[in-house]
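Structure first, then comments.
Just so you know, all these numbers are worked out from the coordinates, no wet-lab data involved. Just so it is clear, the structure is predicted and the values come from calculations on it, not from any experiment. Cβ sites come from the backbone with ideal geometry, for glycine too, and all protein chains shown count toward neighbours.
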Amino acid sequence: MMQLCSVNTGHIQRYDSWRKGAKSALHKTPINTSVFVETLGLQGDEQADLKHHGGKDKAVFILPAQHYQRLQIEQPFGFLGENLTFSDIDETQVCLGDRFQINDVLLEVTQPRSPCWKLGEQANTQANWKASTFLQAYAKEGFVGFYCRVIQTGSLQTGQAITWLPDQHNNETGSDRLSIQALFLAKQQHKTNQQKQLLKTAIKHPALSHAWKIEIERLLTSL
């Protein structure tokens, strides 16, 4: 059974060792009490760069717990920036438009994560990683995590069960499900006809975030 392994929030901090002393709320801390999830995300969570993070389409970032072991990250959950850490699922299974019910909270998958340089700097604090090599290892197979919008607000807490509700849009249209892994790799690589067709299908999907729709449309125009 899928379970909510950790609920994590972060506050904006200044990192003097990063580019120009950048500010970030990437580093999240596990919260052991009940947390209310609003339309714009978890109560108490912050984002330093509102141009690229946050908003209704990216209100909650979710990462499968197994990636900590895969990447040899010996830190508490939340270190890689996720708001919610899920067990027993990965990006080959999760698809655009899937929904997750946790207690009275309902979330809808909107896009894969686009890992940025700040994630590399965060991993750079671990002795076994350098910033550039970490980002390469993190993203190369499409195991990047995914964002959700909040369909129904409410409270949730670590340890609660997760009900996975597969996307119904594809049943209505007869099209294939668009996994987070395949969507991320198609946008990154866009080499094969299959990947290009996947992107064309994705921009028609009602669950896709506005930001990714614009980016994919521009990409397809340039191909």
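Over region 53-177, calculate the relative contact order: mean separation of alpha carbon pairs under 8 Å at least 6 apart, over the residue count, as a percent. Walk me through the intermediate numbers first.
On the way: 205 pairs, mean separation 42.8, N = 125.
Taking the mean separation of contacting Cα pairs over the length of region 53-177, I get 34 percent.
Hey, in the GNM for the chain with a 10 angstrom Cα cutoff, which one of Gln66, Gln136, Gln111 fluctuates hardest?
Gln136
Sum -39500 (n - 2.57) across every DSSP H segment of at least 4 residues in the chain, then divide by the residue count to get the 222 nm mean residue ellipticity, nearest 500. Write out the running numbers ahead of the final one.
Numbers: 7 runs with 59 residues, N = 223.
Value at 222 nm, helices only: -7500 deg cm²/dmol.
With an 8 Å Cα cut-off and a minimum separation of 6 or more residues, compute the relative contact order for region 1-88 in percent. Walk me through the numbers before you get to the answer.
Details: 168 pairs, mean separation 34.6, N = 88.
Computed value for region 1-88: 39 percent relative contact order.
Which pairs break 24 Å Cα to Cα here: Lys56/Lys118; Lys140/Lys196; Lys51/Lys213; Lys23/Lys130; Lys56/Lys140? Don't skip to the answer; put the middle values down first.
Working: Lys56/Lys118 22 Å; Lys140/Lys196 18 Å; Lys51/Lys213 16 Å; Lys23/Lys130 20 Å; Lys56/Lys140 27 Å.
Table pairs above 24 Å Cα-Cα are Lys56/Lys140.
What is the spin-label model distance, in nm, from Asp16 to Ile214 if the labels are put 7 Å beyond Cα along the C-beta direction?
Placing both labels 7 Å along Cα→Cβ, they lie 3.6 nm apart.
Output wanted: per-residue J couplings in Hz (rounded whole) for region 149-161, from phi through Karplus 6.51 cos²θ - 1.76 cosθ + 1.60, θ = phi - 60°, x for Gly and Pro.
Rounded to whole hertz, the list is 9, 9, 7, 9, 6, x, 10, 9, 7, 3, x, 6, 6.
(i) 111; (ii) 120; (iii) 162: which one is volume of the Cα convex hull per residue in Å³ as calculated from this entry?
Correct label, based on the coordinates given: (ii).
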